[in-house]
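Before any comments, here is the structure.
Just so it is clear, none of the values below were taken in a lab; they were calculated from the coordinates. Everything numeric in this text was worked out from a predicted model, so none of it was measured. Don't worry about glycine lacking a Cβ; one is built from the backbone with ideal geometry, like all the others, and counts go over all protein chains shown.
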């Protein structure tokens, strides 16, 4: 096996495909690059068939921090549990690959994508699907390939679509659309959008379909080069589950009974009737037959249920619960469902019920991300929980599964475009959607319930968001688009198409498609039908809460922001954080200071105002004419230092401490005394001179000793007559000596310091 490498350019980006050097013991392996971003994707297919009635496919994304030149956080300094982004990337690979395998494939398949280089310019996620497709092809594994995944952005200034945009290009895009499939049909769509219209979304999908075809052609060109160098790829033979006509005939003899069992609007009752019928059918087979056909019997029972449900829809126009194709189940909406929490909303549609709860916090409480992407954190967090009791089942409770992470991400993308920015609403926002009951469309119910919770909590959304799940049935040459699908229509239908948006346009979209006959005309019809459904649901929500509350709840923290000079940040923090900790301890508020001088202060009650006042006092520069009541913090021979503001002292000169001369400051003031002062000067170095208001009279005899009146602690001037050997001068001589002008007797003349 020789190394084959092929570099090509598509839509302004450079890509490289390689194979033949790494992971040569895998069934198939390919190295795929966009720019310098590099992923190794391997495929291994087990040699033996598994005794399952489902296709055992596992997809993992191995996120290595060294790819971005980083050391993992935490104590162990080793990659551990996958990040949410890693899980979403694995789902992105899985969803188009899974339906491409032939029916009856029971060999275990494991696909592992490993990040080797993340150049911080080109994302690694979408190219991994192309790597998986090429690995399957090179390994001779039977699947409907080649496949590819592309991301489509749109430049907000020019309106041009961009294929696989860089991180920088994504910043200037109002669309983030990922879609995967073959050159002939789309099998997976995931999108976030800034209220994009249905027409623009459809145009982006059509453009993306063309791009997928180009990447499929690039794979075929690589395979041609591979076979030229290494010889033809030998397709591997795998035994598939083959239909057993006898089993199918005996089971399908109960078609009418299955049709009747499915005609029940209540989910649990319908499931009970269907399971009872299946048990009766199984009982018709002997123990020997059940052992012989242990896979064929459950597969055909599922086919019977699927056939009856689908035929019911296309032949009668009615669904298992009696609804028409575009009819939405009864809706119940409640706001302020829980006391004390920061916001809550309950949304129920049919037998799907979700309670969403809002929590608000300081911006520094947002989620920090330790991934290979150049994104350090996020302010809005949406989490989705699907406990086993919501479907009437028992199960293990633990960390969220891939499905829960995917549904939470969808609801998060749905609401991100309508959230206020940090300047308008300086909060970290967390919404948790608890699924209380589920019969289809729980992710869309989560979006609706979360909109209610955000509005109930006083988050000033730009516009409210609603969502709906659409389905598709293609049977006997007929196509029916279904609105608000329930669980059985998702499980046995051809498409699960979720759309969220405002009255202006789409904010998020997700689609998993099993039908190869899905045309853009059908997609256009589905989008228009979804738009009408979204509007109907939104109307029901606005009947209960027509707009966000005018203010956050009293139980929520109140957060305000102020801006301080950058040079004062150190003053607010203090030595070793002493000052800021003191403010937080004394007021009970939380303080978050950013490098640009923005300060966020949060707390409950009056704590915010108290903390803001303390900070403003620290950074305030006293101005001439302002009056303060300060505390004496230090006394020197020449005056007293008075603390005006935190960290700011002014000098009250000895000559301005009292009315009249004093020998020393301690005759009038002591450390700790409060004194009313006025700023009389602030020099260019920021030194502050003060004058005392309401000066007291100098104590009797205070000005007769040393230091009185000179302000610098020098000797007090004495009367000449008090000096020994000197004649007393007469009044009227003006106190002048009898020396002639210019004659100083060899002495330096005295200075008189006036108060």
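I need the peptides 304-315, 225-236, 620-631 ranked by packing, meaning the mean over residues of other C-beta atoms within 10 angstrom, with the highest value on top.
On the way: 304-315: 18.7, 225-236: 12.4, 620-631: 14.0.
Order by mean packing, descending: 304-315, 620-631, 225-236.
Semi-axes of the stretch 104-227's equivalent ellipsoid from the Cα gyration tensor, sqrt of 5 times each eigenvalue, largest first, rounded to whole Å? Write down the numbers at each step before the final one.
Working: eigenvalues 156, 54, 36 Å².
Over the Cα atoms of the stretch 104-227, the semi-axes work out to 28, 16, 13 Å.
For the stretch 469-507 and the stretch 558-572, what is the separation of their C-alpha centers, rounded to whole Å?
What the calculation gives is 51 Å, centre to centre.
In square nanometres, what is the average projected area of the Cα convex hull of the stretch 162-281? Please list the in-between numbers first.
On the way: hull surface 58.2 nm².
For the stretch 162-281, the mean projected area of the Cα convex hull comes to 14.5 nm².
Enter the angle in degrees (range 0 to 90, nearest 10) between the Cα long axis of helix 578-587 and the first principal axis of the Cα atoms of the chain, meaning the one along which they spread out most.
80 degrees
Give me the compactness ratio for the stretch 331-544, meaning the Cα radius of gyration over 2.2 N^0.38 Å.
On the way: Rg = 17.4 Å, N = 214, 2.2 N^0.38 = 16.9 Å.
Cα-based Rg divided by the globular estimate yields 1.03.
Say each of residue 54 and residue 491 gets a label point 7 Å from the Cα, pointing the same way as Cα to Cβ; how far apart are those two points in nm?
Each label point lies 7 Å from its Cα, and together they span 1.0 nm.
To the nearest Å, what is the center-to-center distance of the stretch 46-62 and the stretch 240-255, using C-alpha atoms only?
Taking the Cα centre of the stretch 240-255 as reference, the centre of the stretch 46-62 is 24 Å away.
With the crude spin-label approximation of a point 7 Å out along Cα→Cβ, what separation in nm comes out for residue 535 versus residue 315?
3.5 nm
From the P(r) of the stretch 630-682, could you give the percentage of C-alpha pairs in the tail past 12 Å?
Distances greater than 12 Å cover 60 percent of the Cα pairs.
Please report the spacing between the Cα centers of the stretch 640-702 and the stretch 399-458 in Å, no decimals.
Centre-to-centre (Cα) distance: 60 Å.
Of all alpha-carbon pairs in the stretch 530-630, indicate the percentage at a distance above 21 angstrom.
Values: 2594 of 5050 pairs.
Roughly 51 percent, rounded to a whole number.
Please give the helix 84-97 orientation as an angle from the longest Cα principal axis of the chain, in degrees from 0 to 90, rounded to the nearest 10.
The angle comes out at about 20 degrees.
Counting each DSSP H run of 4 or more residues in the chain as -39500 (n - 2.57), what helix-only mean residue ellipticity at 222 nm follows after dividing by all residues, to the nearest 500 deg cm²/dmol?
Numbers: 16 runs with 214 residues, N = 755.
Theoretical 222 nm ellipticity from helices: -9000 deg cm²/dmol.
Provide the gained length on full extension for the span residue 47 to residue 423, in nm with one decimal, where the gain is 0.36 nm per separating residue minus the Cα-Cα distance. Intermediate results must be reported in sequence, preceding the final value.
Numbers: separation 376, 0.36 × 376 = 135.36 nm, distance 5.87 nm.
Value of the extension gain: 129.5 nm.
How far apart, in nanometres, would the label points at residue 666 and residue 157 be if each is projected 7 angstrom from Cα along the Cα-to-Cβ direction?
So the label points at residue 666 and residue 157 sit 7.2 nm apart.
Which FRET efficiency, nearest 0.05, do residue 227 and residue 168 yield, Cβ-Cβ r, R0 30 Å? Kindly include the intermediate steps, with their values, before the conclusion.
On the way: r = 38 Å, r/R0 = 1.27.
The computed FRET efficiency comes out at 0.20.
Multiplying the sequence separation of residue 268 and residue 697 by 0.36 nm and subtracting their Cα-Cα distance, what value in nm do you get? Before the final figure, lay out each step's value.
Details: separation 429, 0.36 × 429 = 154.44 nm, distance 9.39 nm.
Length difference between fully extended and current span is 145.1 nm.
Run through all the Cα pairs of the stretch 245-316 and give the fraction in each 5 Å bin from 0, expressed as whole percent.
3, 16, 29, 24, 16, 8, 4, 1
Using Cβ counts within 10 Å as a stand-in for footprinting exposure, how do 429, 281 rank, fewest first?
281, 429
Give me the extension gain from residue 634 to residue 288: residue separation times 0.36 nm, minus the current Cα-Cα distance, reported in nm with one decimal.
Details: separation 346, 0.36 × 346 = 124.56 nm, distance 10.15 nm.
Additional length available on full extension: 114.4 nm.
With a 10 Å Cβ neighbour count serving as the proxy for reagent exposure, in which order, fewest first, do 483, 356 appear?
Numbers: 483 23, 356 29.
In increasing order of surrounding Cβ atoms, one gets 483, 356.
By per-residue mean of other Cβ atoms within 10 Å, what is the highest-first order of 597-609, 495-507, 365-377?
Values: 597-609: 18.7, 495-507: 23.2, 365-377: 14.8.
Averaged packing, sorted descending, gives the order 495-507, 597-609, 365-377.
R0 = 51 Å: FRET efficiency of residue 199 with residue 575, Cβ-based, nearest 0.05?
Values: r = 61 Å, r/R0 = 1.19.
E between residue 199 and residue 575, to the nearest 0.05, is 0.25.
Neighbour counts of other C-beta atoms within 10 Å: give me 384, 66 arranged from fewest to most. Write down the numbers at each step before the final one.
Numbers: 384 27, 66 14.
The order, fewest Cβ neighbours first, is 66, 384.
Could you tell me what % of all Cα pairs in the stretch 599-654 have separations over 13 Å? Kindly include the intermediate steps, with their values, before the conclusion.
Details: 1008 of 1540 pairs.
Value for the stretch 599-654: 65 percent of Cα pairs lie more than 13 Å apart.
From the convex hull of the Cα coordinates of the chain, what is the mean projected area in square nanometres? Before the final figure, lay out each step's value.
On the way: hull surface 198.7 nm².
Averaged projected hull area, Cα only: 49.7 nm².
Say R0 is 30 Å: what FRET efficiency, to the nearest 0.05, do residue 554 and residue 585 get from their beta-carbon distance? Before the final figure, lay out the partial values.
Details: r = 23 Å, r/R0 = 0.77.
The pair residue 554/residue 585 has a calculated efficiency of 0.85.
So how tilted is helix 125-138 from the main axis of the chain? Cα-based, degrees 0 to 90, rounded to 10.
Approximately 30 degrees, to the nearest ten.
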